[in-house]
Amino acid sequence: MKNKVFTGLIMFVVVVLLAVGFYTTNTFAKDKIVVGMARPLSGPMATIGDSAFKPIYDTWTDEVNAQGGIYVKEYGKKLPIELLIYDDKGDLGTMTRLTEKLIVKDKVDFLWPSCGTAFVFAQAPIANKHGYVLITAEGGATHVKDMLPSLPYVFVSLSFSDWYQIPVLAELLGEKGAKTAYITFRADLFGIEYSGVAGIEFPKHGIEIIGLNSVPPETKDFAPIIKKAKASGADVFCAFGYPDLVLPATGTSMALDYNPKAWIGGPAVNFGFYHTTFGPAAEGVLGFTTFACSQSKAAQTLCDKLYKGKPEEINDWWGHPLYWAGLECWKQAIEKAGTLDQKVIREVLATEKFNTVLGPTWFENGLMAKECHTGEIGQWQKGIFEVVGPTKNATAKFVYPKSIWPAPPKK
Amino acid sequence: MITTFLDIVISGLLMGGIYALIAVGLSLQYGVARVLNISHGEFIMIGAFGTYILYKTAGVNPILTLAICGPVLFLIGFFLYKTLFKILLAFSDSAEIFEGKSLLASFGLLFIIQNIAILIWGADIKSYSFLNIGVDLGGALFPANRMVTLLFAVVISMTFYLFLAFTRMGKAIRAAAQNPRIAGLMGVNINQVLALCFGFGALMASFAGGLLSMCYPITTTMGMEYTVIAIIVVVLGGLDSIVGSFIGGFLLGIVGSIVTYIEPGLALVAYYAIFIILLLVRPTGILGK
Amino acid sequence: MDITTLKSKKSLIWWTVIFTIFILLIFLPFYTQGYAVVLLISILVYVILTLSWVMFSGSTGYMSLAPAAFFGVGIYTSALIGKVFPFPITVLVGGMASFILAILVGALTLRLKGIYFAIFTFGLVMLIAYSLLFFEIQVTGTRGRFVIVMDYNTIYFYMLGIFMLLLLTTYLIKNSKYGLALRSIGQEEDAAAHTGVNVVGVKVMTFAISAFFMGAVGSVMATKLTYIDPFIAFSTTYSFMPVAMAIFGGTGSLYGPIIGAAILTYLEEILITKFAEVYMLIFGAILVAAILYLPDGLVGFIQKIWRRLMERNHVDT
Amino acid sequence: MSILEGKGVTKYFGGLAAVSNVDFSVEKGEAFGLIGPNGAGKTTLFNLISAAYPVKSGIIRFKDKDITGLKPYKICRMGVARTFQIVKIFPDLPVFSNVLLGLHFGHSSGMSSAEKASLALEYLDFVGLTQVKMAPAKDLTLANQKRLEVARALATGPELLLLDEIMAGLNPTEVSQAMELVNRIREKGITIIMIEHVMKAIMNICQRIMVLHHGEKIAEGSPREIANSEKVIKVYLGEKAHATC
């Protein structure tokens, strides 16, 4: 009996769900701007998506809607933003399908980006094909520069390796007299690219790369790598990877008393959770960044908006301001265009300058111009991720060599 | 050279302890209850998050937390078996059908648990630092948190081993593992024993999660990664042997450590290669019958 | 009227229905626009994977978690040679590459029984993914690859073509002596061997044929992904989903897996778009419930109800 | 003329010899009995002949051809069919299909499917299962399942048939039916080796009997010789029993 009830129940649920799929059609009157996104709400990419672009679009959308929305001249009124978010499960095939659905079936007004460099590569051509403006968030790579000329509708907001970061790092280290570097990188697009660009830029400043190895994802044992790096006696240790590499590599470095003169890690060091994890021991560790609160009034305002009264873990000093600026550009482009016509907005985005948290901001050949960046290299100093490079944007002096790891606080 | 080699082997052993701990619970669940629990990693994840939350909010020592999270997960595991898997067992004509179905059911569980965890804790990275200091062993340094993990892995498993060897319940479990039908005839309440085993598996997973969270960042989506490690280790050691889990864990740890020292890019390739070769040469694992 | 003509009349109806559905499917892109085709492509991908999986695993009882391996080989083939060769050749090569891999794997591993075979095939997917990753990084110095882009209607027709071919193959195998041999292997392998069935040969061959279709569909799917890397190509989702779909639909008949794959893909589509936050929760619950309460799959359940209804009618008259 | 010949056939399980250095020779057309206490290695010997297990050492020749090391299906196609101690039918296939499988794969002859179907029906008729031909095999009684195994084995067109305890677990009526069936198979000119614990059957049907004990051959001869062999009685009744009588 129970069996039958349950069986009936499953059938019922399935049928209802299928019916829901058939009968709810998405018809939007023009009293709002519908923005569609395929985001990794579940699956392996969720970790990145949840801490990178999500807090930004949530806060930003709330703020804009609190002001009534975006003024569009064509309609003579402010239109609030409505988000239509699908879960791509971190699966590329699903993401491309959902992007297609957002554009073709749901006919959303705008598309916001999916998460991850590979996803950018796959989504950009689709958006471009349909003539949808796409300002990317998480993800960017040298490769994308070669693609952009053929993708006029795509704009890249995030800074990346040779787009200023590694050259600045090399220069900083070179100036201080670093001679050798040991690089370990995650075996993926990100790692290959950063280690590759380092291979070009470091020698320009007299730094020889004396160790280079890739680490596949899900590697758990970092002791042999740290031991090898320690034995090499390199001045600089680079861990170009994600938190799953950078955090254990830091912990292992501390435990094995490995104290290179500079310790630089990929996306992980720039997050608040890096500091909350290691506390004062994070002192002197280098990472990639974009801004510090003390840099400008606009920066301070953004810090307050995003981080005030929230746990420090969610801070992201690299991506957040760039995504925020990207959204500001998008809003201002709509206002300047006075229409929701993608073609017109694209023209505005490609040619005009906007005023964002970064100051004057514009896109050059589809990339956010180098001149707009307010920082590239950061360093933890007294609990703050200070901008130390390029020197013109620095909020603190680059400390080299970094102090040795302190003993962790006794509990 | 020899010291370097020793050094590598010892750090491999330390990793092996972690691997063994990850796998021991699964070996119990499969060895006795015949459930190849794909959601094993989700239990590890819950254990890890329990530890993290208690440490961050109340400052509870992660090692103490083991005693809190363990029993909770034991109960969850116990009742999961009592409801879900017991019904599956009753509906299955043969052991093989039950194995297939329970594997898929646990795959569904993975989805459910992970989604609930994301709803509660979000999907972002959590991390804290505990015992990140080196311990000097004859001139070479080793991370203390990994040594603690290895120590606990050995202590917990030894305790469990003794429990299996000398208590009435332990004997019932072993009897059930060897032959459920006959054990049933001998008056062992078989369903109770299987549920207990599943519960103990979840308890071990919780311990593993708690200890892991001292060494690695944790996320609500990390489960599958650890399930895969557990499966590799358990297959290496023999699907139904607790000692086998240790042998599998140490083997994986040492091979991984050596390969990582030579060429880190090949570490994961080496794991899967040993795994696949062993399955071909000795499908029942090193200690399997 | 004797039984055989009744039977042939019934099968005639079936053939007509199938034929009509195919005609509709062929002309679908001409009377709908946009997303329906995109969704149907996704459904077809899973239908083909599931049906191929059932071709081997459903009848022999060997639970293969290798679909992702064969699917991935297809995807990678497409990425490697898609720009050089005409597309039909790419698809063929993708299928053949999987076919050959399956023969190698099959010859090595089909003596593994039960859960060991499942675990092995799962390990295989991971080994290929990680080896390929290492190779790409150390040797070719790249991780991802761009795949040629095709328009959706073309992709759709390729998928449909593969599907028809697969359906035909499955049907022919099922009704041939090899289908009988496969089922006998699934039920009592030793007895089959001692009744003259070349057990290893039949198993390996079927495994390879099913792999051919998975590889072929992979090489078509690649063009829809536009950008791939080893982990995108060899994603274990493509191993687990066909199994779940087959079990959900029921492995006993030809249309069970098709219905299972179609419904679950569509269900997933609804969940990830309309209930994105709790997609996994609902999907997992449905999966668990289906395993618990639909032991013969959806089709088995419907057949049971149907039979019961017929019996009741019988009593009434 | 001998149809099957074994020389020094040996098989170990772990360190234990299950079959050790056994020689045997079966004449064409005869019924050859294989007896011995439980665990004597009778079924193991069948498994070696039909290649379910590889032979450790020794040679088995069928029609003067060395068949050691061949795959089971090859041996079946050469003309050696068998039944199983614990029945191994295809439970979810109809009875008819169980037999049809033997016709499809046991033969290399180019029969049409219609011929195969009618032959399958003939074999079913031969063992007396025509009534239940469309039922799933698992629904049959044990006696009928054993008959089905025989029919399936016959369908492969054997010259030599290995029958492994086809009478175990049957009631007296069924036993005599089975004996009658075996006799009819012999009349077809098929050589039979049978393992049986039902002594009446063995003694009545077989011309020669071989006795195995602990994997070794301890006696061979006509039923009368075996019945009077002290060695055999000792094995069957135990030493004490022998001493008291």
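The values are calculated or read from the model by the stated rules, or taken from the named source; none is laboratory data. Please read these numbers as outputs of a predicted model, since none were measured by experiment. Here Cβ is always computed from backbone atoms with ideal geometry, including for glycine, and neighbour counts include all displayed protein chains. Accessible surface is based on the protein model in full, side chains and every heavy atom, while ligands, DNA and RNA are left aside. Shrake-Rupley method; radii C 1.70, N 1.55, O 1.52, S 1.80 Å.
Here are the numbers for this structure:
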item: Probe 1.4 Å, accessible area per residue of the stretch C:22-247, Å²; result: 31
item: Full-extension gain in nm, C:ILE305 to C:SER176, via 0.36 nm per residue minus C-alpha separation; result: 43.5 nm
item: Förster radius 25 Å - calculated FRET efficiency between A:ASP58 and A:LYS107, Cβ distance, rounded to 0.05; result: 0.60
item: Summed buried accessible area for A+B [probe radius 1.4 Å, Å², rounded to 100]; result: 3400
item: Karplus 3J(HN,Hα) series, Hz, for the stretch A:148-162 with 6.51 cos²θ - 1.76 cosθ + 1.60 (x for Gly, Pro); result: 3, x, 8, 10, x, 8, 9, 10, 9, 9, 6, 6, 8, 2, 7
item: Average beta carbon contacts from partner chains per residue of D:106-119, 10 Å cutoff; result: 1
item: Solvent-accessible heavy-atom area per residue, rounded to whole Å², over the stretch B:148-255 at 1.4 Å; result: 35
item: Mean separation of Cα contacts under 8 Å (6+ apart) over length of the stretch C:22-247, as relative contact order %; result: 45
item: A:SER253 accessible area, 1.4 Å probe, all protein chains in place, Å² to nearest 10; result: 0
item: Given charges at beta-carbon only (K, R positive; D, E negative), |dipole| of chain A in Debye; result: 520
item: The stretch D:72-127, accessible surface, carbon-and-sulfur percent (1.4 angstrom probe); result: 55
item: Residue order for B:PHE152, C:PHE56 - accessible surface, 1.4 angstrom probe, largest first; result: B:PHE152, C:PHE56
item: Using θ = phi - 60° and Karplus 6.51 cos²θ - 1.76 cosθ + 1.60, couplings along the stretch A:78-89 (whole Hz; Gly, Pro as x); result: 7, 10, x, 9, 10, 8, 10, 10, 10, 9, 8, 6
item: Chain B: Cα Rg divided by the 2.2 N^0.38 Å rule of thumb; result: 0.99
item: 5 angstrom amide H check on D:SER25, placed H, neighbours 5+ away; result: D:GLY6
item: Partner chain coverage, peptide A:183-193 - average Cβ within 10 angstrom; result: 4
item: Dipole of chain A, positive direction: furthest Cα of A:VAL399, A:TYR164, A:PHE385, with charges on the beta-carbon; result: A:PHE385
item: Rounded to 10°, Cα long-axis angle of helix A:297-307 versus longest principal axis of chain A; result: 70
item: Accessible area (Å², 1.4 Å probe, nearest 10) - B:ILE120; result: 110
item: Dipole magnitude of the stretch C:248-317, debye to nearest 20 (Cβ charges: Lys/Arg +1, Asp/Glu -1, about Cα centre); result: 220
item: Per residue accessible area of the stretch B:1-84, 1.4 Å probe, in Å²; result: 32
item: Sulfur and carbon atoms: percent of accessible area, the stretch B:2-281 [1.4 Å]; result: 73
item: Theoretical ellipticity at 222 nm over chain A - DSSP helices of four or more residues, -39500 (n - 2.57) apiece, nearest 500; result: -12500 deg cm²/dmol
item: Heavy-atom SASA rank of B:ILE286, D:ILE60, B:ILE277 (probe 1.4 Å, accessible area, largest first); result: B:ILE277, B:ILE286, D:ILE60
item: Contact order relative to length of chain A, as percent, for alpha carbon pairs under 8 angstrom and 6 or more apart; result: 15
item: B:LEU6-D:GLU180 pseudo-label distance in nm [points 7 Å out on the Cα-to-Cβ vector]; result: 8.4
item: Span from the the stretch B:106-157 Cα centroid across to the the stretch B:44-61 one, whole angstrom; result: 10
item: Efficiency of FRET between A:ASP31 and B:LYS171 - r from beta-carbon atoms, R0 51 angstrom, step 0.05; result: 0.10
item: C-alpha long axis of helix A:319-337 to longest principal axis of chain A, angle in °; result: 40
item: Helical segments meeting 24 Å axial Cα length and Kyte-Doolittle 1.6 threshold in chain B (DSSP H); result: B:62-80, B:144-166, B:190-212, B:242-262
item: Over 29 Å (Cα to Cα) - which of A:LYS370/C:LYS274; A:LYS370/C:LYS83; D:LYS11/D:LYS188; D:LYS71/D:LYS188 fall in this group; result: A:LYS370/C:LYS274; A:LYS370/C:LYS83; D:LYS11/D:LYS188
item: Peptide A:313-325 - average C-beta neighbours from other chains (10 Å radius); result: 1
item: Projected label distance in nm at C:ILE103 and B:ASN179, using a 7 Å step from Cα toward the beta-carbon; result: 4.5
item: Förster-model FRET efficiency, 51 Å R0, D:SER112 and A:ASP341, C-beta, rounded to 0.05; result: 0.10
item: Degrees, to the nearest 10: C:297-316 long Cα axis against longest axis of chain C; result: 10
item: Size of electric dipole in the protein assembly as shown: Cβ of Lys, Arg +1 and of Asp, Glu -1, about Cα centre, debye, nearest 20; result: 2000
item: Which of D:HIS107, D:PRO94, D:SER50, positive extreme of dipole for the stretch D:49-130 (C-beta unit charges); result: D:SER50
item: Interface burial for B against C (accessible surface, 1.4 Å probe, total of both chains, Å², rounded to 100); result: 3600
item: Where labels lie 7 Å past Cα in the beta-carbon direction, separation of D:ASN38 and C:ALA36 in nm; result: 6.9
item: Residue among C:ALA222, C:VAL204, C:THR50 farthest towards the positive dipole end of the stretch C:22-247, charges placed on Cβ; result: C:VAL204
item: Over chain B, relative contact order from alpha-carbon pairs under 8 Å, at least 6 apart, %; result: 40
item: Interface C:D - total buried accessible surface [probe 1.4 Å, Å², rounded to 100]; result: 1800
item: Order by protection proxy (mean Cβ within 10 Å, highest first), peptides A:349-358, C:122-131; result: C:122-131, A:349-358
